[in-house]
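To start, the structure under review is shown below, and the notes come after it.
The values are calculated or read from the model by the stated rules, or taken from the named source; none is laboratory data. Keep in mind it's a predicted model, so treat the numbers as computed, not measured. Virtual Cβ from ideal backbone geometry, glycine too; neighbours counted across all protein chains shown. We work out accessible area using only protein heavy atoms, side chains counted, and drop any ligands, DNA or RNA first. Shrake-Rupley method; radii C 1.70, N 1.55, O 1.52, S 1.80 Å.
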Amino acid sequence: MENLHFKNKRELNSFIKKLQYIDRGAEGICYRLSRKTVFKYLCGEIYYPIVDENQLLQFKNIDIANYIFAKNVVFLKEQIIGVLMKYVNGNLVDKGLYNVKIFNLIKAFEDLEISTRKLSNYGISVFDVFSANMFYNNSRFFLIDTMWYEKVDLDPDKLFKENMVSIFSNICDNIFPLELYDFIQTIPQIREFKKDDDLLSKPSYVIKTFYDDVCKYLDSEPKTMSEIKKKIFEI
């Protein structure tokens, strides 16, 4: 993968017409450049010009499977107007996590906690984390739009907690149907946490504890959150 350079807007537009459209966000539009590469054209309503290539690509050599960092940039004349990054296949976390098998969901969070620990050990703080910037596929979460992540001088353990809290709190609603929240608060192991951050930084534990107690409560082993919701509110 190399940087792309365009001499003028006409050349850029001609190039874009040949690409597969993926999606549009507040910062710009994503296109499929190749089987393994995405071109994010930074032309959205909250985009502002980036002039520092080194800052934009500061994490390009960090290889953590769950975090998709910009690897190259796209120039229009001398201005950076896009980034190139690895393509990942999956569904946005706000589309279908209720129907993901809970065992796979726990496994995905265990995997993400390990990766986020690595990220935190590098001193990297996550930013702009919400459901539109997270994909799920095959028991793994992927975080995109990492361009605004920052290098911070913070104890790795504290940073890990902050990073995980930011991630889990922003997708929690997409995992637990709202009707289950009151039930969650009745689980002793969860109630014992004195601070929300202690709870939210351990999503795999939260979901496993919740599931174990649900199975005892229902005297059955539902497979998904949707199934749990249905069974609980039928009782």
So, in the range 153-183, of the ones that are in contact with a helix residue (DSSP H, G or I) (Cβ under 7 Å, 6 or more places away or on another chain) and surrounded by fewer than 16 Cβ atoms within 10 Å (Cβ to Cβ), which residue ends up farthest from V100 (Cα to Cα)? P156
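Which count do you get for residues in the range 126-148 that are of a type in the set (S, T, Y), more than 17 Å from K86 (Cα to Cα) and surrounded by 18 or more Cβ atoms within 10 Å (Cβ to Cβ)? Give the steps one after another, and end with the answer.
The initial filter retains those residues of the range 126-148 that are of a type in the set (S, T, Y), namely 131, 136, 139, 146.
Okay, now just the ones that are also more than 17 Å from K86 (Cα to Cα), so 131, 139.
In the following step, the residues that additionally are surrounded by 18 or more Cβ atoms within 10 Å (Cβ to Cβ) were identified as none.
Selection size over the range 126-148: 0.
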Could you tell me whether the range 106-125 includes any residue that is over 21 Å from E162 (Cβ atoms) and surrounded by fewer than 16 Cβ atoms within 10 Å (Cβ to Cβ)? yes
When you scan the range 1-21, do you find a residue that is open to solvent by less than 50 Å² (accessible area, probe 1.4 Å), in contact with a Ser or Thr (Cβ under 7 Å, 6 or more places away or on another chain), at pLDDT 95 or above and not aliphatic (A, V, I, L, M), even just one? no
